[in-house]
Structures are given as C-alpha cells and as structure tokens.
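Read the structure below first, then the notes.
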Amino acid sequence: MKFRILGRTNLKVSEIGLGLEHFHEQPLSSIKPAIDYALEQKINYFDPIYSVTKDLENIQQSFGKRIKDVIFTAHIRSQDTNGQFSKTKNKAEALDVFNKYSEKLKRHSFEIAMLTFVEPNEYGKVMSDQGEYSIAKNLQKEKRIDFIGMSTHDIDVAKKAIINDLIDVLMFPFNFAEWNRKGTMEMIKLCNKNQIGLVTMKPFSGGKLLQPHRLEYMQKYHQDFAPSSITVPTRIQPEMCLKFVLSNPDIHVTLAGAKNYDEIYENMQYTSHKVDIQKYEFIKSIFSKYIPGECVYCNHCLPCLAQLNIGELNKLLDEKDNLEFLDQSLEDKDKKWNSIKQRYNELEHYASECTFCWQCMNRCPYDVDIIQRMIRIKEIFGK
Ligand code: SF4
Ligand code: SF4
C-alpha cells in the first residue's frame, strides 16, 4: 500500500480507502473478514457514510479495539430514518448523529467530520451559524474532531467552500466517466493550491464501469454536448479504474466501496497487476466526452416515503437488463435471473409501492428518472 498526505491535515492516508456503505444489510460474518483483510492490506482510511444503527454496530464489532488505530470520518449530516439514509435538517439532528457515531463506533473523537452531500440550494443554510457547519466547528473546539470535510457532487458548492476557507477535506466523485466534467480539473487544482485534502469517491461509477456493453447516458452534468449515450466498450478491470484515479497526484485517497472480502481482494490487485497502457488510453479517450446520468446506487435520493431501497431496486433492474449482454449459456443466464428475482423477493418493499410523490427525483444528483424505473421494475418483477 502506498500512502499520501491528506493536504493540510497532514494525515498519512492509504491511497485506497474503504467506503463502508455497501456493508448495509450484510451479515457480521461477511463484514468481519472484509475488515480484517482491509487492515492486513494497510488500508487506514474508512468512511461509513451512513449512520444506520445495525451497520455501525457490525462495523464496530468487526474492528474491535483496532477502530482507534485508523482514520475514521463521521458524517454529521447523514442520519438513519427507519434504516434508510436521510439528511439532517438542523443543528440538533446533526449533533445527535455525531453522538450516535461516537456511541456505536465506541470512539470519543474522529479525525474528520464530513458534512454530507451538500447541494447548491442548501449551501447557505448548512454553512451558516444556524446550520450543521457550526456543529462541526463546536466539535472541533471540543477536540472531538480534528478536521472539517464536505462531500458534494456540485463543483460550485465545492469551490465556494474552498475559496471561503471553510473546509480542510473535500470528498468528490472522480472516475473515467466523470474526469472530463466541466470544471473538475480546475477544482482539483484549486484543492491543491489551498492544500485541501482530496478524497474521491465512486472510482467505478457505482460499479457500472465494470459492466461491459453497458449503455450509459449523458445528462445533467454534460453541459457541452447534446444528450447522447455511450456503450462501455470492453471489460474494464477495477485496477484500471483505480490506477486512473490515482495517477492524479492531487487526489490523496480514493474510496473504493466493497461489500465483502472478495471485492476488496479484487480491488487490491491494482498494486500487482500491470495495466495494459493501450487499452487504458483507449478507454480514457472513449469516455472523454462522457458524463454519467444513470443510477450509481448511492441512495442520495432517500428517504422514500414508501420505504423503498431505491438504489438496490435500480441495481436489480440493471442486472436484469445486463443479462442479455452476458456472454454465457442460456442455462447460466437463467440461474442469474433466478437469483436476481430471489433478491427482489427478499426485499421488504417493492416498486409497486411507489406513490409517485417525486421527492426522490428532486434529490437524485444524476437525474435518474426514478419513477419511470419503478414502473418498469414493477412490470418486470410483477410487484
Ligand atoms: S436514483 Fe440517483 S440518488 Fe438514487 S441511488 Fe440512483 S443515482 Fe443515487
Ligand atoms: S416517487 Fe416513489 S420511489 Fe420516489 S420517494 Fe416517492 S414513493 Fe419513493
């Protein structure tokens, strides 16, 4: 493992970090070996993102006392509403969330408090004396956090926070598909100039880059070109995605989300596998005009009034759609389809329960047409 210095925090961070949100609803028996392996590989930057009680308890149990030896972020705007992600609305809720992280993870203090997923229309309030930013400031005075971070998908929000010297760490999506998004490279340079620690997320674009023949759409973030689509051209290995992100020295750590040992193992091959340079350049050029607009399963659209796990429903739909591109026998495809259906049936709530309230549509940073997808999911899965 290589280490980098996280900007002005001076923290020495592993260049691969672990996003823990995919441990959601995984059993402890799967989480513990994954954490053991991550620590063995010297990963030292961990980000739980969500504050779902059961998940935090499982994470704590898996780390045990080792949780104090690593760098941990507490997302103070990310709260658990009936097991689903939602954002805090005020200072009191943000403080409660922080205290919950502290209690469940059994850590009195954290290296970083992250203001989660700040959108343009919230910036003024969140970063004011009335907003969650003031809680982060107080926690810093009380020495319960060392640094303040912000996660966002919006370049202008990120720039404002940096220029106004409000944050030490920025968390932002960066991958093959998003590197060319208008303003991204300028923003990265701005981070470097201001010594902001830069943590990037979604190195695999929510896993979509790893799916060959996947049709991708350009929508909201693609300002310079007419809407169009592109097909993921070939099998892209995770190590290629990670090398791509880490080839930028101004990025200090990239959070590779994984849900079990096998996925972390696969990611860690980036250190030993040689990247095929020709293929690498080819992929980079293919995506040079591409910006994603499909679901990346981040669940930033939650909470859903009908308690739907929107990210998971979208993932199951995508897996179903991708079956036709798999180079496998009909029998194997049937087996896969049965397992997708089984996972659907095991969900607590189904797409048919969608009330078309539109609330999720306003929250999705990728402009996914969630309602249309819920209608399709209901048709395909029958409920
Ligand atoms: S619909 Fe949008 S917000 Fe919801 S999981 Fe997908 S990309 Fe994320
Ligand atoms: S539109 Fe449907 S999926 Fe979206 S929040 Fe409302 S009920 Fe949930």
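Read-outs throughout are calculated quantities, based only on the coordinates presented, and are distinct from any laboratory measurement. Keep in mind it's a predicted model, so treat the numbers as computed, not measured. Methodologically, a virtual Cβ is constructed for each residue, glycine included, from the backbone with ideal geometry; neighbour enumeration extends over all protein chains shown.
Structure values in brief
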read-out: Simple spin-label estimate for residue 271 and residue 376 in nanometres, 7 Å along Cα-Cβ; value: 4.0
read-out: Magnitude of the charge dipole, the chain, Cβ model with Lys/Arg +1 and Asp/Glu -1, debye to 20; value: 760
read-out: Cβ-placed point charges (K, R +1; D, E -1), dipole of the stretch 310-381 about Cα centre in debye, nearest 20; value: 160
read-out: Distance histogram in 20 Å bins (all Cα pairs of the chain, percent per bin); value: 28, 62, 10, 0
read-out: Over the stretch 240-383, relative contact order from alpha-carbon pairs under 8 Å, at least 6 apart, %; value: 23
read-out: Other-chain or far-sequence residues with amide H under 5 Å of residue 176's (modelled H); value: none
read-out: Cβ-derived FRET efficiency at R0 25 Å, residue 359 paired with residue 156, nearest 0.05; value: 0.60
read-out: Relative contact order, percent, the stretch 310-381 [alpha-carbon distance under 8 Å, six or more residues apart]; value: 35
read-out: Rough spin-label spacing in nm, given labels placed 7 Å along Cα→Cβ, for residue 68 and residue 336; value: 4.7
read-out: Among the listed pairs 91/189; 54/125; 193/259; 104/141; 42/243; 182/208, those beyond 26 Å (Cα-Cα); value: 91/189; 54/125; 193/259
read-out: Lys/Arg +1, Asp/Glu -1 at C-beta; the chain dipole; positive extreme among 360, 210, 102; value: 102
read-out: Residues of type aspartates and glutamates that residue 336 reaches as a straight line, Cα spacing below 15 Å, ignoring anything fewer than 8 places off in the same chain; value: 318, 319, 321, 324, 327
read-out: Rg over Rh, two decimals, the stretch 8-56 (C-alpha only, Kirkwood Rh); value: 1.01
read-out: Kyte-Doolittle at least 0.0, axis length at least 20 Å by Cα - qualifying DSSP helices, the chain; value: none
read-out: Most to least packed among 272-284, 104-116 [average Cβ atoms within 10 Å]; value: 104-116, 272-284
